[in-house]
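Reviewing the structure listed below.
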Amino acid sequence: MALEKPYLDIPGTTVFDADMSRQGYSLNQFCMSLMQAENRKRFHTDEGKYLDEWQMSDAQKQAVMDRDYNRMIELGGNIYFLAKIFSADGKSFVHAAAKMTGMTEDNYQAMMNAGGRPPKGNRYIGRSD
Amino acid sequence: MARITAGVATSHVPLLGRAVDTGCTDEPYWAPIFKGYEFSKKWISQKKPDVVFLVYNDHASAFSLDLIPTFAIGCAEAFAPADEGFGPRPVPDVKGHPDLAWHIAQSVIQQDFDLTIVNKMDVDHGLTVPLTMMFGQPNQWPCKVIPFAVNVVQYPPPSGRRCLNVGKAIRKAVESFDEDLNVQIWGTGGMSHQLQGPRAGLINQDWDKRFLDMLVNDPQAAADIPHIEYLRETGSEGIEMVMWLVMRGALDPAVIERHRHYHVPCSNTAIGHLILENK
């Protein structure tokens, strides 16, 4: 029997479940390696070379080099692991979140200051409630 | 005999730590957030806990995907602040209470909750930000801390019901410890927030406020909230709020609400904070 996934109808959301975790193991472990200063330095010196040390798919490596967080998540990345990448880049969670929503950082920040993204219309794919 | 005297719930947004560490808490963006903790700092300086049992989640700092414990109790003498990708926070090391931690581990496991025992780990913003919010910037934290890490990163986290019940078991364990200790239990994380994907930035103030009421007055009902409701209504990272139920489970069924603070936004997150005392 397949694992139950009652969350697949939530728009714009990837739940880090068993399947995502298995797919993203090496990608996420690469992210963990950036918790060490010397690894951050090696990564920033030659990203492609550093990524080749990890058993990641080409698509995962490309997504990292593109800093395409939505794509990384689609390929099994978890946001708390991916945070090591943008932290190492000196970027904030707001920067990364804005990028994932396709908004400018200013517009995203303005939305948050106005109370955040409302739940109405964002609960189910294709529904307005 | 050791006893649990009070519970604290608070969000643990990493940027709160950064705001304190860089001295910008008086800025207009931050001031209303920190104002809500002024009472708390006074309160805790009077209550002087000997030990804080601190329920938090590790954010891929101590635990990678190599090992994902659902409940992990820190039994070490000390825990260093983790380097989360930009260097460790400039905060003191956290001193543990190994005698009490090991006692709780044994007692809670014997009450049928299978805890993971941790003898070495670094602690990230999930644990150090709440200490900063409650104690400010002392040279040493003024009490011992027992870290209790709950998995909320890898789906599924433990259910709300499981969290409430493990809180009850922790209380029993504390109360069977011989030394006379004033123990507080803190539940951290939340409230509504989503940090990932096109729906990032979701905030559900109505839901959060209902949850605060429910947690205080009807914890059993709060414990019955299923995972899918947290995910759908409060954002994918709102599920951290199950950790508040561990704290609530360790308190009396009826409690006194000393303090409440709620503010939107802090970074991507709704800040929630409660101080509850046993009667």
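Brief remarks follow.
- Only one entry in B:139, B:151 is at pLDDT 95 or above and closer than 18 Å to residue B:9 by Cα, namely B:151.
- Among the residues of this structure, residue A:59 does not count as one that is crowded, with 16+ Cβ neighbours inside 10 Å, more than 10 Å from every other protein chain (Cβ to nearest Cβ) and small (Gly, Ala, Ser).
- Considering (1) in contact with a strand residue (DSSP E or B) (Cβ under 7 Å, 6 or more places away or on another chain); (2) within 14 Å of chain A (Cβ to nearest Cβ); (3) more than 30 Å from residue B:221 (Cα to Cα), the lone condition that residue B:144 does not fulfil carries the number (2).
- Only residues that are facing chain A (nearest Cβ under 8 Å), of a type in the set (A, V, I, L, M, F, W, C) and either touching a His at 6+ places or on another chain (Cβ under 9 Å) or in contact (Cβ under 8 Å) with a residue 40 or more places away in the chain (or both) were counted in segment B:203-218, giving 1.
- Inter-residue pairs, beta-carbon under 6 Å, first under 18 Å from residue B:78 (Cβ atoms) and in segment B:92-118, second assigned to a helix (DSSP H, G or I), 6+ apart: B:104/B:173; B:117/B:105
- Conditions (1) in a loop (DSSP other than H, G, I, E, B); (2) surrounded by fewer than 21 Cβ atoms within 10 Å (Cβ to Cβ); (3) within 14 Å of chain A (Cβ to nearest Cβ): number failed by residue B:180: (3)
- Scanning segment A:1-18 for residues that are more than 7 Å from chain B (Cβ to nearest Cβ) and surrounded by 14 or more Cβ atoms within 10 Å (Cβ to Cβ) gives a single hit, A:9.
- Between B:200, B:221, the distinction of being without any contact (Cβ under 8 Å) to a residue 24 or more places away in the chain and farther than 26 Å from residue B:105 by Cα belongs to B:221 only.
- Selection count, segment B:1-36, where residues are under 19 Å from residue B:191 (Cβ atoms), touching a Ser or Thr at 6+ places or on another chain (Cβ under 8 Å) and more than 14 Å from chain A (Cβ to nearest Cβ): 4
- Qualifying residues in segment B:228-275 (those that are part of a loop (DSSP other than H, G, I, E, B) and within 12 Å of chain A (Cβ to nearest Cβ)) - the one nearest to residue B:7 (Cα to Cα): B:237
- Within segment A:1-22, tally of residues that are touching a residue at least 60 places away in the same chain (Cβ under 8 Å) and either aliphatic (A, V, I, L, M) or under 16 Å from residue B:63 (Cβ atoms) (or both): 2
- Residues that are charged (D, E, K, R) and more than 15 Å from the chain's Cα centre (by Cα), drawn from segment A:8-24: A:9, A:19, A:22
- Residue check for residue A:99: surrounded by 16 or more Cβ atoms within 10 Å (Cβ to Cβ), more than 7 Å from chain B (Cβ to nearest Cβ) and modelled with pLDDT under 95: no
- Where helices (runs of 4 or more DSSP H) fall wholly inside segment A:23-129, the ranges with 1 or more residues that are touching a Leu at 6+ places or on another chain (Cβ under 9 Å) and in contact (Cβ under 8 Å) with a residue 24 or more places away in the chain are A:37-45, A:58-66, A:69-74, A:79-88, A:93-101.
- Of the candidates A:108, A:80, A:124, A:50, the single residue that is at the interface with chain B (Cβ under 10 Å from one of its Cβ atoms), among the hydroxyl-bearing types (Ser, Thr, Tyr) and more than 18 Å from the chain's Cα centre (by Cα) is A:124.
- Residue under evaluation residue B:63, criteria (1) farther than 24 Å from residue A:87 by Cβ; (2) within 12 Å of chain A (Cβ to nearest Cβ), criterion not met: (1)
The values are calculated or read from the model by the stated rules, or taken from the named source; none is laboratory data. From a predicted model like this one, the values you see are computed outputs, not experimental measurements. As a convention, Cβ positions derive from the backbone with ideal geometry for all residues, glycine included, and neighbour counts pool all protein chains shown.
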